[in-house]
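Data first, discussion second: the structure below is written as structure tokens.
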Amino acid sequence: MIDLEIPFEKDRKGHYRFFEILPGTLSWTLLFLPLILSFINVTVAVFFILAYLLVFFVRSIAYSIRSIAGYRTMKHHLKLDWNGMAADIEAGEVTGPTIERPKWHHKNLSRLGVRVRQVKPSQLTHAVIIATVNESREVLEPTIQAVIDSDYDTQKMILVIAYEGRAGKEAEDRVQELIKLYGDKFQHAMAVMHPSNIPGEIIGKGGNVTHAGRALQKYLVAEKIDPEDVIVTTLDADNRPDKRYFAALSYLFCVVPDPSKASYQPLPMFTNNIWDAPTLMRVVATGNNLFYIVGTQRPHLARNFSAHAQPMQALIDMDFWSVRTIVEDGHHFWRSYFHFDGDYRVYPLSIPIYQDAVLAEGYLRTLRAQFVQLRRWTYGASDIAYIASKGFWHKNKAPKLDVLAKLMRSIEGHVSWATGTLLIYFAAFVPPLIAPQSLAANELPLIVSRVQKIGIIGLLISVYVCMVTLPPRPARYRRHRSVLMLTQWIFLPVTSVCYGALAAFNSQTRLMFKRYLSKFDVTEKATVSASGKTTSTTADPDA
């Protein structure tokens, strides 16, 4: 097995540095290409911009179609009797003939005999690792309660609260109190303190959940529980699983062809506090919801993000998560991919894990916290060098064409993240400024404007999906808050540029000049009670 860990910063040289520099170089080049081409040949610049716009337009149509399909899939999956279908797997046949089952369920039953390893739902044990730093009880306790309220027997669950020792005694007392209060609801519950300053680790979630995973491994050995029959879900402090999540996860784990070579990705929905968040943060959060709803319709592109699940034995074999990156969730896909020599996939699960939109104490702090969060997400561009290095400079059996395809798609995705909205909004105005005498250059903004008007149809579809996936409006807000939820979309250009493009450029430019993000910037959490009282804590004790 190849070494799965990311190289230390001092060891990143040669080809590794080339691929760290590559995404930023491509993004900056593509951003200035309309200007460069306008000086060289304005007609070529016009055709380049039109071609880019056409590609973007086709993608937006597909995006709108998939958003509707993804929403319908989610609604359908939220109505299914997952425990009943799990009982069918246990029996090997449909146990409730009067209950309607989806067609794919019957196909899954017929394929059970060809599975690599047959696991029945009754054999499964769920382990839930909740990672916390210094989040308040108002944030952490509802997450534990959401797990308890699941349509699943919590006596078949192990609860692990992974907390940071650097957060101090107050955080430790908070966690221990919650374990004491809720521990008897589970098969077993424990709090695991992650010591600070472990050699070779950066300050981040990866080290915390890895330390907790190793403690869980020791417990399983002591209790003689087979790790092959344990599936681990990692949650952030504010991640509240839908009540159907664990039943649906059990079902999926028991029907996929090879459950050990896979991970399972629920649907992130940033709706816990969506009615409390400021306008710009609501646009970002609901836009993220839509992105992940669409992603459920493209399973071949599914990647790990935030809360996800994976078999315990696979985690043990690859020594859990990376302890050297701030994007341990997205990076874990590549870690798993190379561990299994390319024979690995992520199964999307259209059951939500409800999360918080960014909300801190004070508007300016909230604006900053949102940018810091998006910068951390866009720092996933750091995986491009990892993919290239592990795929082509280290011995492995992963299919080289598949590695190349995934590498190219990853590069394209991060470059588009940085440049897409900027080119769509502003590129058409560059040729007329450089060559005002050119007819083609002067016609370009008019053509782009007409195409964008057609694209509004796709935007309206997206807005519809975002609106119907909102939770009910809290009683403390009047009806005009619902109107604001609709009119907030006029700020989409602002959020897509400031929190999409600029965050991506920040991350990629940092990689170009070795200004690495070597510390996980914990997002500050604030909660609003039913009475309207705001409770806020600095999530990062080092901040």
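What does the charge dipole of the chain about its Cα centre add up to, to the nearest 20 debye, if the Cβ of each Lys and Arg holds +1 and the Cβ of each Asp and Glu holds -1? Dipole size: approximately 1360 debye. Helix 502-512 and the longest principal axis of the Cα set of the chain meet at an angle near 90°.
Between helix 363-378 and the chain there is an angle of about 90 degrees, using the helix long axis and the longest principal axis of the Cα atoms.
Its Cα centre serving as origin, the stretch 1-144 has a Cβ charge dipole (Lys and Arg +1, Asp and Glu -1) of approximately 580 debye. Taking trypsin sites (Lys or Arg not before Pro) as exposed when their DSSP state is a loop state and no more than 12 other Cβ atoms lie within 10 Å, the longest site-free interval of the chain runs over 225-394.
Computed over the stretch 60-183, the alpha-carbon pair-distance distribution with 5 angstrom bins reads 2, 8, 14, 13, 12, 12, 12, 11, 9, 4, 1, 0, each value a whole percent.
At q = 0.14, 0.15, 0.20 Å⁻¹ the log10 of I(q)/I(0) for the stretch 15-100 amounts to -0.75, -0.79, -1.00, computed by Debye summation with a single uniform scatterer per C-alpha, solvent ignored. With θ taken as phi - 60° and the Karplus curve 6.51 cos²θ - 1.76 cosθ + 1.60 applied, the whole-hertz 3J(HN,Hα) list for the stretch 389-401 is 5, 5, x, 10, 10, 10, 5, 6, 9, 5, x, 5, 5 Hz, x standing for glycine and proline. Around the amide H of ALA189, modelled in the peptide plane, lie the amide H atoms of LEU159, all under 5 Å away and 5 or more residues distant in sequence or on another chain. Rounded, prolate or oblate: which fits the stretch 213-272 when a ≥ b ≥ c are the square roots of the eigenvalues of the alpha-carbon gyration tensor, with rounded for a/c under 1.5 and prolate only if a/b beats b/c? Oblate, since a/c reaches 1.5 and b/c is not below a/b.
Going from the alpha-carbon gyration tensor of the stretch 210-360, what semi-axes, largest first and in whole Å, does one get by taking the root of 5 times each eigenvalue?
Numbers: eigenvalues 150, 58, 47 Å².
Square roots of five times the eigenvalues give 27, 17, 15 Å.
Whole-Å semi-axes of the stretch 288-432's equivalent ellipsoid, largest first, each the root of 5 times a Cα gyration tensor eigenvalue? Intermediate values should be presented prior to the final figure.
Values: eigenvalues 165, 97, 47 Å².
Here the semi-axes work out to 29, 22, 15 Å.
Give the shape of the stretch 141-232 as rounded, prolate or oblate, defined through the alpha-carbon gyration tensor: a ≥ b ≥ c are the square roots of its eigenvalues, a/c under 1.5 means rounded, and otherwise the shape is prolate if a/b is larger than b/c and oblate if not. Oblate.
As a test of understanding, state the convex hull volume per residue of the chain from its alpha carbons, in Å³. Intermediate results must be reported in sequence, preceding the final value.
Values: hull volume 89.3 nm³, N = 543.
Value for the chain: 164 Å³ per residue.
Which value in Å is the Kirkwood Rh of the stretch 488-534 over different Cα pairs? So the Kirkwood estimate lands at 13.7 Å. Residue by residue, the stretch 188-193 carries 3J(HN,Hα) couplings of 7, 9, 8, 10, 10, 8 Hz when phi is fed to the Karplus relation 6.51 cos²θ - 1.76 cosθ + 1.60 (θ = phi - 60°); x denotes Gly or Pro.
If you take the Cα centroid of the stretch 201-258 and the Cα centroid of the stretch 28-106, the two points sit 27 Å apart. Taking only the C-alpha atoms of the stretch 382-504, Rg followed by Dmax gives 21.2, 61 Å.
At most 15 other C-beta atoms within 10 Å and a DSSP loop state: those are the exposed chymotrypsin sites (Phe, Trp or Tyr not before Pro) I care about. Give me the longest piece of the chain that has none. Could the numbers behind the result be given before it?
Values: sites that count: PHE8, TRP393, TYR477, PHE513.
Segment 9-392 is the longest.
Between helix 137-148 and the chain there is an angle of about 60 degrees, using the helix long axis and the longest principal axis of the Cα atoms.
Readers should treat all values here as calculations from the given coordinates under stated rules, not as data from a laboratory. This is a predicted model, so every value here is computed, not measured. Backbone-built Cβ (ideal geometry, glycine too); neighbour counts: all protein chains shown.
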